[in-house]
Amino acid sequence: IKSLGQRKYENSIDVEEFEVSFDRNHLILKKVNLSSISRQEPEKFARKIEVFLKRVNDVGMLTSNPYVLRVIGCQLVDDFLYILSEKSPAKPLLQTLKSVPSKLSELKVILKQLVVGLNHIHQSNFIHKDLRLDTLYYDQTTNIIQIGDTHLHHELNILLHREDFPTPNSWLPSELKERVQATRKTDVWFLGVIFIQLLYGLDINTKYPN
């Protein structure tokens with residue numbers, strides 16, 4: 001077990017991360033300190049954490065796929081939430097690509113893998129709900145991209161009373177603008193946003209929020 005340091009989730013919740021290695025498998029363990037919110041409304045928090053644990057542990061049933069990083073499971077111990085996930089050797093796509101792909105062939109490879117990975121998630125009866133450049137991991141040496149944090153960020157945001165999607169409102173699909181339940185089409189919409197970002201610039205949705 002190797003410590004990867006501590007950071008703030010959404011600038012308020014302490015998260016400590018560890019790399020766990022065994023039998024050539026590399027996992028990441030997140031230790032989330034929930035003490036600041038668990039003591040505010042204990043009964044309400046208990047109900048929300050029960051729903052969170054069920055939903056995220058259900059995602060643990062997702063089978064292996066070369067283009068999807070699985071959430072293995074999570075558990076609450078005292079005021080600490082432990083989340084175990086598969087770890088990518090690569091960095092998030094937002095950090096890896098400093099600019100849009102220079103070759104159309106490279107873009108096609110990225111998008112094909114994303115479609116295959118997203119289809120695997122949907123065929124397993126799950127919705128990602130948070131597809132964006134920093135939940136995708138791209139290794140430029142192997143040209144393999146992986147989808148991470150399936151369902152996880154979305155459920156954490158609900159648990160921590162955060163906005164579900166940090167995307168400019170005009171770039172959201174209509175069901176999220178209207179606070180309606182996300183569907184598979186929501187994931188496809190965000191895949192389209194990523195496609196536009198890879199074509200025209202990684203920051204296009206912040207440059208043109210309207």
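The values are calculated or read from the model by the stated rules, or taken from the named source; none is laboratory data. The model shown is predicted, which means the values in this text are computed figures rather than measured ones. Positions of Cβ are backbone-derived with ideal geometry, glycine not excepted, and every protein chain shown enters the neighbour counts. Keep in mind that these areas ignore ligands, DNA and RNA; they rest on the heavy atoms of the full protein, side chains included. Shrake-Rupley method; radii C 1.70, N 1.55, O 1.52, S 1.80 Å.
So residue 136 clears everything in (1) more than 27 Å from residue 44 (Cα to Cα); (2) at pLDDT below 90; (3) aliphatic (A, V, I, L, M) except one condition, right? Which one?
(2)
So, in segment 84-118, how many residues would count as being touching a helix residue (DSSP H, G or I) at 6+ places or on another chain (Cβ under 7 Å) and either of a type outside the set (Gly, Ala, Ser) or part of a helix (DSSP H, G or I) (or both)?
First pass over segment 84-118, keeping only residues touching a helix residue (DSSP H, G or I) at 6+ places or on another chain (Cβ under 7 Å): 90, 92-94, 100-101, 107, 110-111, 114, 118.
Those left that are additionally either of a type outside the set (Gly, Ala, Ser) or part of a helix (DSSP H, G or I) (or both): 92-94, 100-101, 107, 110-111, 114, 118.
Total satisfying the criteria: 10.
Does residue 121 count as under 15 Å from residue 147 (Cα atoms), β-branched (Val, Ile, Thr) and in a strand (DSSP E or B)?
It is false that residue 121 is under 15 Å from residue 147 (Cα atoms), β-branched (Val, Ile, Thr) and in a strand (DSSP E or B).
Return only the number of the condition from (1) open to solvent by 70 Å² or more (accessible area, probe 1.4 Å); (2) at pLDDT below 80; (3) touching a Leu at 6+ places or on another chain (Cβ under 8 Å) that residue 165 does not satisfy.
(1)
In segment 173-195, which residues are surrounded by 14 or more Cβ atoms within 10 Å (Cβ to Cβ) and in a helix (DSSP H, G or I)?
Within segment 173-195, 175, 176, 184, 186, 187, 188, 189, 190, 191, 193, 194, 195 meet the criteria.
Give the residue that is modelled with the lowest pLDDT, with candidates limited to residues of segment 6-16 that are assigned to a strand (DSSP E or B) and open to solvent by 30 Å² or more (accessible area, probe 1.4 Å).
Initial filter on segment 6-16 (assigned to a strand (DSSP E or B)): 6-9, 13-16.
Now narrow it down to the ones that are open to solvent by 30 Å² or more (accessible area, probe 1.4 Å): 6-8, 14, 16.
Working: 6: 81, 7: 75, 8: 72, 14: 81, 16: 85.
Per the criteria, the residue is 8.
Tell me which of these residue 112 doesn't satisfy, since it passes every other one: (1) over 30 Å from residue 48 (Cβ atoms); (2) surrounded by 15 or more Cβ atoms within 10 Å (Cβ to Cβ); (3) among the basic types (Lys, Arg).
(2)
Which residue is farthest from residue 96 (Cα to Cα), if the candidates are limited to segment 196-208 and must be open to solvent by 60 Å² or more (accessible area, probe 1.4 Å) and in a loop (DSSP other than H, G, I, E, B)?
Looking at residues that are open to solvent by 60 Å² or more (accessible area, probe 1.4 Å) and in a loop (DSSP other than H, G, I, E, B), I get 208.
Taking segment 122-136, which residues are within 24 Å of residue 81 (Cα to Cα) and either of a type in the set (Phe, Trp, Tyr) or open to solvent by less than 20 Å² (accessible area, probe 1.4 Å) (or both)?
126, 128, 129, 130, 131, 135, 136
For every residue, the table says whether it meets (1) under 23 Å from the mean Cα position of the chain (by Cα); (2) without any contact (Cβ under 8 Å) to a residue 24 or more places away in the chain.
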position: 2; (1), (2): yes, yes
position: 17; (1), (2): yes, yes
position: 23; (1), (2): no, yes
position: 26; (1), (2): yes, no
position: 34; (1), (2): yes, no
position: 43; (1), (2): no, yes
position: 49; (1), (2): yes, no
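Just for segment 17-59: of the residues that are assigned to a loop (DSSP other than H, G, I, E, B) and modelled with pLDDT under 85, which one is nearest to residue 148 (Cα to Cα)?
Per the criteria, the residue is 24.
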